[in-house]
Amino acid sequence: MIVSIDRLSLIADGVARGPEGTVHVAMALPGETVEGEAVDGRIAAPRIVTPSVDRVKPPCPHYRACGGCVLQHASDGFVAGWKADVVRQALAARGIEAGVERVETSPLATRRRATFSGRRTKKGTLVGFHARASDTVVEVPGCLILRPELMAKLPALNEAVGLGGSRKGEIAFALTLTDAGVEVAAKGGKAMDPALFEALADLARRHDLARLSWDGETVAAPRPASQTFGKARVTPPPGSFLQATAEGEAALVGAVREMVAGAGRIADLFAGCGTFALPLAEAAEVHAVEGEAAMLAALDKGWREAQGLKRVTHEARDLFRRPLLPDEIDRYDAVVIDPPRAGAEAQVREIAASKLRRLVHVSCNPVTFARDARALLDAGFALERLVVVDQFRWSAHIELVASFIRH
Ligand SMILES: C[S@@+](CC[C@H](N)C(=O)[O-])C[C@H]1O[C@@H](n2cnc3c(N)ncnc32)[C@H](O)[C@@H]1O
């Protein structure tokens, strides 16, 4: 079948009209004509008949096999423009017209968090990323996205699979670059016993890991696996949320700082370990609210040990079930929210009913962001500024930060 690509889907597949309805085409770009066999409405291995002017040679040697990056065949300008368009279109679908001020894309080799999969094979061990839409694990020694410090730990992960992996299941290794080196949080390996503990502790020592945990149990933590947020050093619980690149975090924090400038009292909702709360505390008192008490304990310790910050209070609270109410919200000059993909529907409803005048919304899902933005506009807010931050280069993932003002 030969089809012409009209647009990209939200997972960056090309979308075309075929003789029997919509066809999704892997690794295709708008304007291209492609040929291939459609199975269940999808052409997985298309031949590009007429390439787009935006098509480039994918630079990574693993591009065809690895499922990690889905947009390496497109120019940087195309990817940035597409991500901005997805945000604009999600807003337009809710009747909101908005311009994207800029797209801040993290450079190559800056991703400081990644989850590798590891399994035993007949011949030995295999550690890598999943192939596209598949359980197959693909080795990625030439990955262009990750920080070199993470790549350097691949031998340690292979060794850990040898010690604690099985041929049935996979181990998920969540790697994070900390101030003290690389932390590894492994899940799905063999049950811990004294011999495995000793072998893993030895592995952590030889590979100089900052921290190693195995299904939640800390095996080695020779140095505090800290992160620096502004003037504070925080040691997050193993496997905690962290912005994917330091550059992306700096772009988000920089935009949030500008957008709340002048506020004396700020609430930071879905605060995590203090990515925003602690830098903002250089100029304002901050109340940090988050569902995970352990993350807040880390934030609080970081604040107490830092110099020159204003007061930071914290509260563990499920903001989906028990959002801050209008009389609580009215205590703040500005509120920052950074919810998970589901968005912050319940919290935004209360913000709409409050007297709050300044809100900064950080989002990793344009669709739920647009839903929340609609509720804010209906309550008299105006969407003032919108910045797209791309820390997941070459993936379909999109993040943004937006400021809303109510006069
Ligand atoms: C996208 S992360 C942002 C964290 C932090 N702002 C940062 O940039 O590092 C979302 C945060 O929301 C928290 N969270 C998820 N569901 C929640 C809920 N129902 N109530 C409160 N916090 C929640 C998660 O634990 C996570 O820390």
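With each label point set 7 Å from Cα along the Cα-Cβ vector, what nm distance links R311 and I405?
The answer from the label model is 2.9 nm.
Express the C-alpha Rg of the stretch 263-407 as a ratio against the empirical globular expectation 2.2 N^0.38 Å, rounded to two decimals.
Details: Rg = 14.7 Å, N = 145, 2.2 N^0.38 = 14.6 Å.
Working it through for the stretch 263-407, the quotient is 1.01.
Modelling each spin label as a point 7 Å along the Cα-to-Cβ direction, I'd like the T22/E198 distance in nm, to one decimal.
Label-label distance for T22 and E198, simple model: 5.9 nm.
Only Lys, Arg, Asp and Glu count, each charged at its Cβ (+1, +1, -1, -1), so figure out the dipole size of the chain about its Cα centre, rounded to 20 debye.
Details: 51 positive and 50 negative charges, 101 e Å.
Value, rounded to 20: 480 debye.
What FRET efficiency would be calculated for the residue pair A152, K122, taking the C-beta separation as r and a Förster radius of 25 Å, to the nearest 0.05?
With a Förster radius of 25 Å, E is 0.40.
Rounded to the nearest 0.05, what FRET efficiency is calculated for V39 and A172 with R0 set to 30 Å and r the Cβ-Cβ distance?
The value I calculate is 0.55.
Tell me, S403, S52 in order of fewest to most beta-carbon neighbours within 10 Å?
Numbers: S403 22, S52 19.
With the sparsest Cβ surroundings first, the list reads S52, S403.
How large is the convex hull of the Cα atoms of the chain per residue, expressed in Å³ as a whole number?
Cα-based convex hull of the chain, divided per residue, equals 151 Å³.
Give the share of C-alpha pairs in each 5 angstrom bin for the stretch 1-119, from 0 to the last occupied bin, in whole percents, shortest bins first.
Reading the bins upward from 0: 2, 10, 18, 19, 19, 15, 11, 6, 1, 0.
With each pseudo-label sitting 7 Å past Cα toward Cβ, what's the E282-D327 distance in nm, one decimal?
Simple spin-label model gives 3.7 nm for this pair.
Express the relative contact order of the stretch 168-316 as a whole percentage, based on alpha carbon pairs under 8 Å and six or more residues apart in sequence. All intermediate terms of the calculation are to be shown ahead of the outcome.
Details: 271 pairs, mean separation 27.3, N = 149.
Worked out over the stretch 168-316, it gives 18 percent.
Per residue, how big is the convex hull of the stretch 128-174 when only Cα atoms are used? Give it in Å³.
Spelled out: Cα convex hull of the stretch 128-174, divided by residues, is 88 Å³.
How do C60, C69 line up, fewest other C-beta atoms within 10 Å first? Don't skip to the answer; put the middle values down first.
Working: C60 18, C69 24.
By the 10 Å Cβ count, ascending, the order reads C60, C69.
Could you work out how much longer the chain between A92 and R349 gets when fully extended? Use 0.36 nm per residue separation minus the Cα distance between them, nm to one decimal.
On the way: separation 257, 0.36 × 257 = 92.52 nm, distance 2.05 nm.
Value of the extension gain: 90.5 nm.
Note down the relative contact order for the chain as a percent, whole number, built from C-alpha pairs under 8 angstrom at least six residues apart.
RCO, the chain: 13 percent.
Computed from the coordinates by the stated procedures, all read-outs in this text should not be read as laboratory data. The model shown is predicted, which means the values in this text are computed figures rather than measured ones. Note that each Cβ is placed from the backbone with ideal geometry, even for glycine, and that neighbours are counted across all protein chains shown.
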